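Peer 1: Okay, handing you the structure first.
The values are calculated or read from the model by the stated rules, or taken from the named source; none is laboratory data. Remember, predicted model here, so these are calculated numbers, not experimental data. Backbone-built Cβ (ideal geometry, glycine too); neighbour counts: all protein chains shown. To get the accessible areas, we keep the full protein, side chains included, count just its heavy atoms, and leave off ligands, DNA and RNA. Shrake-Rupley method; radii C 1.70, N 1.55, O 1.52, S 1.80 Å.
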Amino acid sequence: MMGDPHLLQMVEEGLRNTVDKEFTAQMSESLSSRETSFLINEEPSPAKRFNLFLRRRLMFQKNEQSKDSIFFRDGVRQIDFVLSYVDDIKKETDIKADSEDGKTYFVKIHAPWEVLATYAEVLGIKMPIKESDIPQSKYTPFSYMFGPVKLSPTVKYSHPEYFTAQFSRHRQELFLIEDEATFFPSAARNRIVYYILSRCPFGIEEGKKKFGIERLLNSNTYSSAYPLHDGQYWKPSDNRLNERYTLYQNWARFSYFYKEQPLDLIKNYYGEKIGIYFVFLGFYTEMLFFAAVVGLACFIYGLLSMENNQSSIEICDPNIGGQIIMCPLCDEVCDYWRLNTTCLASKFSHLFDNESTVFFAIFMGIWVTLFLEFWKQRQARLEYEWDLVDFEEEQQQLQLRPEFEAMCKHKKMNPVTKEMEPFMPLYARIPWYFLSGATVTLWMALVISSMVAVIVYRLSVFATFASFMESEASLKQVKSIFTPQLATSLTGSCLNFMVILMLNFFYEKISAWITKMEIPRTHQEYESSLTLKMFLFQFVNFYSSCFYVAFFKGKFVGYPGKYTYLFNVWRSEECDPGGCLIELTAQLTIIMIGRQVFGNINEAIYPLVFNWWRRRRSRSNSEKLYSRWEQDHDLETFGSLGLFYEYLETVIQFGFVTLFVASFPLAPLLALINNLVEIRVDAWKLTTQYRRPVAAKAHSIGVWQDILFAMAVLSVATNAFIVAFTSDIIPRLVYFYAYSQNSNQPLSGYVNNSLSIFLIADFPNRTVPSEKRDFTTCRYRDYRNPPDHEYKYAHNMQFWHVLAAKMTFIIVMEHIVFLVKFLLAWMIPDVPKDVVERIKREKLMTVKILHDFELKKLKENLGLNPDEFAKHVMIEENKVNLAKSTI
């Protein structure tokens, strides 16, 4: 903690009692009995500040206070924070409930200049010292857009660029302070006030200190604590800038879905932490455009070549596919069937399982590397533009959580600060760690169990679908399209999606509670612990069914007469003759689209309905003044974990786009469309439906970046395995180069070659259909010896050739992609060269400005002693030269 400890103690003592319900802060009786502010003994204002006071006071009509006012009744003091509490007890008091329900009381908080100046120094907030002479960059990688999508320069660059330095009370003359009331932006003001509120003690219970507004909120002493919005979002405010209205007009409207985002304005209004989320989401969406274009091209290629696909031609041919009798897909109930009944399914499978699949899998492995490397550059550029180069996480995220300080009975000396800090021994945490690990393991096991239950459902209803479709004459026409396999796959995927949503809902509540019980030391530890729990669970929850279809379904089926059975009851699922890729595509599509649609509807409808109902209940006396703080009070709370869930949603979507994209080249396009809507939905709900969040700083997306890197590496392996084992590419290539006997049409005869022969007489009695047939053999998908072979039904040589080719492909593809990834990572610098030069220039100019200021001050103090002055000049010049050489 920086700053004068005696002054900090005085400030906190002056503010301490205001966070108790029975607050005793000084009242401004001459203004209103309902208005409370932090009042610190102030020195008489200079003439200039007093004149500014008069000008601003005259602009404010005392008797016609706007419903949108964010000031006290004097029109000068800004309301920086609002606390509300509910009191049903009617008692004689001068303080009246200033709300329409007659029960809610509001405590309006104003932080005067001395408090803001002191805590700006404590938090290391950087403020402008001189307008920057560095020209704004004209172009950044992959972010250039044409004129129609550009925002107005007055919106995009709402404030000029400045050289900045950490604010110091002792160097106030150095900073560009025109008006103390507006020098600190509203985001910095509410951040400072919240910092104070979160650390003010209000009592002692069982020998432990109780402090912090969060604890008072949890105990329902206060019902809410929030900073105010600038005004109404649908109209501008009188006599002052309404940034909320500007954001709504240029960012939160759905008609602006094609426009770039006003990132600087978002940062200024909501703080860097929320701002960097929207930068990341926007950059990710821009990069998805390139993947979507290539994926759409691959899909169009599959669509155009669908009718000329040799495998589909043979399957649909009545003289080829119509003459091939396939073995039953289930025991007893299922009948023999002809291969040409899967004609349409084979054509649809070719849309996603064609020669472009290999190209797109390799392309996406390179794309994800480019995305992450260019994001590093964008993040470095952002750190410079938003003045976060020297930002240290310790200033905020590494501060002790008030809950941790309240629970600790021990203290330990910090080896860095040499101060005593709260300390919790490991033995006190171990029980909670065990409970946490056991809970996460139990819930992941529950997800696996639910997936097995869905598999059992698919196995048990497949026979029902098959017999029903066979017996119903009305379904004969659609049977060629809506096959039993497709019906089972679609209903199973929908059921699996509903189970995913239910498990996710309950686990979110449990994981947040367990993380809190672990008593993490810092905010960063809390977020990291919660992130690990939530991501591990959602990874298993959303992707387990896709992993099953991609890597397990149809791989351990056995063969007719010797099938494998789940729990010795249900026969293992088989893939279509064209492979399992089309089923993986259906599974991925249902979960991905369903999750995105459900998420966007939930994000938009829930706060809208909730806020409407709250306003409807509260506005019982419409003739009363519905003030700015009451309007914001009736909005939904964004919450400390609101941003966490937004990141989690984006990262899970990133997994769908990268991990299984070889099976569904349209996934980037769907993600792109969703993100264009998601940006505006998030902007709309933040601007119109949520209270203004407390501003917070961040210089990166944190632990999510490590998760993205891990998923990028995993995606190379999953896509290689999907191409090798789930698609039909490798077996076709092996046949093309090693087994084809037709030089004119090398793939002619592939379908017949990929099907093995089984003698119906070898069926066990309990599995064969009861009716007599006029054929003696049936076919099944595998590479095995025929019944008349010495080693009948054993894997033939072609099986081992195909397996060797699959393994070779995996090794070659992974090495090629990883080699390209490493080369790209080495070639693309993390910080662009122009950003490095700008940072050096700004550091040099800041040191020079500080040097000139200190030199001027020194000259004033030592003007009568030339020798002493010369000595100090030499010292200061040496400091500047040292700084230059370091830079």
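Peer 1: Could you please find all residues in segment 153-170 being β-branched (V, I, T) and surrounded by fewer than 13 Cβ atoms within 10 Å (Cβ to Cβ)?
Peer 2: T154
Peer 1: Considering only residues that are touching a strand residue (DSSP E or B) at 6+ places or on another chain (Cβ under 8 Å), of a type in the set (A, V, I, L, M, F, W, C) and free of Cβ contacts under 8 Å to residues at least 60 places away in the same chain, which ones fall in segment 298-344?
Peer 2: Residue satisfying the conditions is W337 alone.
Peer 1: For F184, all conditions in the list (1) in contact with a Pro (Cβ under 9 Å, 6 or more places away or on another chain); (2) under 26 Å from L247 (Cβ atoms) hold save one; what is the number of the exception?
Peer 2: (1)
Peer 1: Being under 30 Å from L197 (Cα atoms) and either in contact (Cβ under 8 Å) with a residue 24 or more places away in the chain or open to solvent by 10 Å² or more (accessible area, probe 1.4 Å) (or both) narrows it down to one of L281, L217, so name that one. Give the derivation first.
Peer 2: Numbers: L281 fails: under 30 Å from L197 (Cα atoms).
After ruling out the rest, the residue left standing is L217.
Peer 1: Let me ask something additional. Checking N190 against (1) closer than 14 Å to F81 by Cβ; (2) without any contact (Cβ under 8 Å) to a residue 60 or more places away in the chain, only one condition comes out false. Which one?
Peer 2: Condition (2) is where N190 drops out.
Peer 1: Looking at segment 304-342, which of its residues are open to solvent by 40 Å² or more (accessible area, probe 1.4 Å), among the aliphatic types (A, V, I, L, M) and closer than 17 Å to F775 by Cα?
Peer 2: Residue satisfying the conditions is I320 alone.
Peer 1: For segment 778-827, what are the residues that are open to solvent by 50 Å² or more (accessible area, probe 1.4 Å) and not in a helix (DSSP H, G or I)?
Peer 2: Once the filter is applied, which keeps residues that are open to solvent by 50 Å² or more (accessible area, probe 1.4 Å) and not in a helix (DSSP H, G or I), segment 778-827 yields R781, D788, H789, E790, Y791, K792, H795.
This table checks each residue for (1) open to solvent by less than 10 Å² (accessible area, probe 1.4 Å); (2) out of contact with any Ser or Thr (no Cβ under 8 Å at 6 or more places or on another chain); (3) not in a helix (DSSP H, G or I).
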residue: E649; (1), (2), (3): no, yes, no
residue: F656; (1), (2), (3): yes, yes, no
residue: L672; (1), (2), (3): no, no, no
residue: V681; (1), (2), (3): yes, yes, no
residue: T688; (1), (2), (3): yes, yes, no
residue: A696; (1), (2), (3): no, yes, yes
residue: M711; (1), (2), (3): yes, no, no
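Peer 1: Given the conditions (1) modelled with pLDDT under 75; (2) open to solvent by 80 Å² or more (accessible area, probe 1.4 Å); (3) farther than 30 Å from F567 by Cβ; (4) not in a loop (DSSP other than H, G, I, E, B), and given that E405 satisfies all but one, which numbered condition is not satisfied?
Peer 2: It is condition (2) that E405 fails.
Peer 1: Turning to a different aspect of this structure: Find all pairs meeting these conditions: Cβ atoms under 7 angstrom apart; at least six residues apart or on different chains; first residue within segment 234-252 and among the acidic types (D, E); second residue part of a loop (DSSP other than H, G, I, E, B).
Peer 2: As it stands, the answer is D238/S66; E243/D230, since those pairs meet every condition given.
Peer 1: Pairs under 9 Å by beta carbon, first residue assigned to a helix (DSSP H, G or I) and modelled with pLDDT of 80 or more in segment 382-400, partner surrounded by fewer than 19 Cβ atoms within 10 Å (Cβ to Cβ) and of a type in the set (F, W, Y), six or more apart or different chains?
Peer 2: Once the first residue is assigned to a helix (DSSP H, G or I) and modelled with pLDDT of 80 or more and sits in segment 382-400, its partners that are surrounded by fewer than 19 Cβ atoms within 10 Å (Cβ to Cβ) and of a type in the set (F, W, Y) give E383/F391.
Peer 1: Taking the residues in segment 527-562 that are among the hydroxyl-bearing types (S, T, Y) and open to solvent by 30 Å² or more (accessible area, probe 1.4 Å) as candidates, determine which candidate is modelled with the lowest pLDDT.
Peer 2: Among those that are among the hydroxyl-bearing types (S, T, Y) and open to solvent by 30 Å² or more (accessible area, probe 1.4 Å), it is S528.
Peer 1: Moving to a separate point now. Would a scan of segment 481-493 turn up a residue that is modelled with pLDDT under 80, of a type outside the set (A, V, I, L, M) and open to solvent by 50 Å² or more (accessible area, probe 1.4 Å)?
Peer 2: yes
Peer 1: Given the residues F106, F72, which is the only one that is out of contact with any Phe, Trp or Tyr (no Cβ under 7 Å at 6 or more places or on another chain) and either under 28 Å from S237 (Cβ atoms) or at pLDDT below 90 (or both)? Spell out the reasoning first.
Peer 2: Values: F106 fails: out of contact with any Phe, Trp or Tyr (no Cβ under 7 Å at 6 or more places or on another chain).
Selected residue: F72, the only one of F106, F72 that is out of contact with any Phe, Trp or Tyr (no Cβ under 7 Å at 6 or more places or on another chain) and either under 28 Å from S237 (Cβ atoms) or at pLDDT below 90 (or both).
Peer 1: Given the structure, is E173 closer than 30 Å to R244 by Cα, modelled with pLDDT under 90 and either open to solvent by 50 Å² or more (accessible area, probe 1.4 Å) or in a loop (DSSP other than H, G, I, E, B) (or both)?
Peer 2: No; evaluated as a whole, the condition is false for this residue.
Peer 1: Further question: Residues in segment 242-262 that are in contact with a helix residue (DSSP H, G or I) (Cβ under 8 Å, 6 or more places away or on another chain) and either of a type in the set (K, R) or open to solvent by less than 40 Å² (accessible area, probe 1.4 Å) (or both): how many?
Peer 2: 12
Peer 1: Let me ask another. Of everything in segment 563-606 that's polar (S, T, N, Q) and not in a loop (DSSP other than H, G, I, E, B), which residue is nearest to Y750 (Cα to Cα)?
Peer 2: My answer is T585.
Peer 1: Here is a follow-up. Would you check if T357 is assigned to a helix (DSSP H, G or I), closer than 19 Å to S756 by Cα and hydroxyl-bearing (S, T, Y)?
Peer 2: On the way: assigned to a helix (DSSP H, G or I): yes; closer than 19 Å to S756 by Cα: no; hydroxyl-bearing (S, T, Y): yes.
So T357 does not fit the description; no.
Peer 1: What is the number of the single condition among (1) exposed (fewer than 15 other Cβ atoms within 10 Å of the Cβ); (2) of a type outside the set (V, I, T); (3) out of contact with any helix residue (DSSP H, G or I) (no Cβ under 7 Å at 6 or more places or on another chain) that M845 does not meet?
Peer 2: (1) is the only condition that M845 fails.
Peer 1: Same structure, new question: Identify the residue in segment 515-562 that is of a type in the set (K, R) and part of a helix (DSSP H, G or I) and, among all such residues, is nearest to A696 (Cα to Cα).
Peer 2: K516
Peer 1: All but one of (1) of a type in the set (A, V, I, L, M); (2) closer than 30 Å to P665 by Cβ; (3) modelled with pLDDT of 90 or more hold for L351, so report the exception by its number.
Peer 2: (3)
Peer 1: Then there's this: Please determine, by comparing only the residues of segment 353-363 that are farther than 16 Å from F721 by Cβ and of a type outside the set (S, T, N, Q), which one is surrounded by the most Cβ atoms within 10 Å (Cβ to Cβ). Give the steps one after another, and end with the answer.
Peer 2: The first filter runs over segment 353-363 and keeps only residues farther than 16 Å from F721 by Cβ, leaving 354-356, 359, 363.
From what's left, of a type outside the set (S, T, N, Q): 355, 359, 363.
Details: E355: 13, F359: 15, F363: 19.
Out of the qualifying residues, it is F363.
Peer 1: In segment 566-619, which residues are among the hydroxyl-bearing types (S, T, Y) and open to solvent by 60 Å² or more (accessible area, probe 1.4 Å)?
Peer 2: Y606
Peer 1: Is segment 296-310 home to any residue that is more than 41 Å from the chain's Cα centre (by Cα) and outside any loop (DSSP other than H, G, I, E, B)?
Peer 2: Yes: segment 296-310 contains one or more residues that are more than 41 Å from the chain's Cα centre (by Cα) and outside any loop (DSSP other than H, G, I, E, B).
Here is a yes/no grid of residues against (1) among the hydroxyl-bearing types (S, T, Y); (2) open to solvent by less than 50 Å² (accessible area, probe 1.4 Å); (3) part of a helix (DSSP H, G or I); (4) at pLDDT 80 or above:
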residue	(1), (2), (3), (4)
T118	yes, yes, yes, yes
I129	no, yes, no, yes
K138	no, no, no, no
L151	no, yes, no, yes
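Peer 1: Just one of (1) part of a helix (DSSP H, G or I); (2) open to solvent by less than 40 Å² (accessible area, probe 1.4 Å); (3) among the polar types (S, T, N, Q) trips up S748, so point out which.
Peer 2: All conditions are met except number (1).
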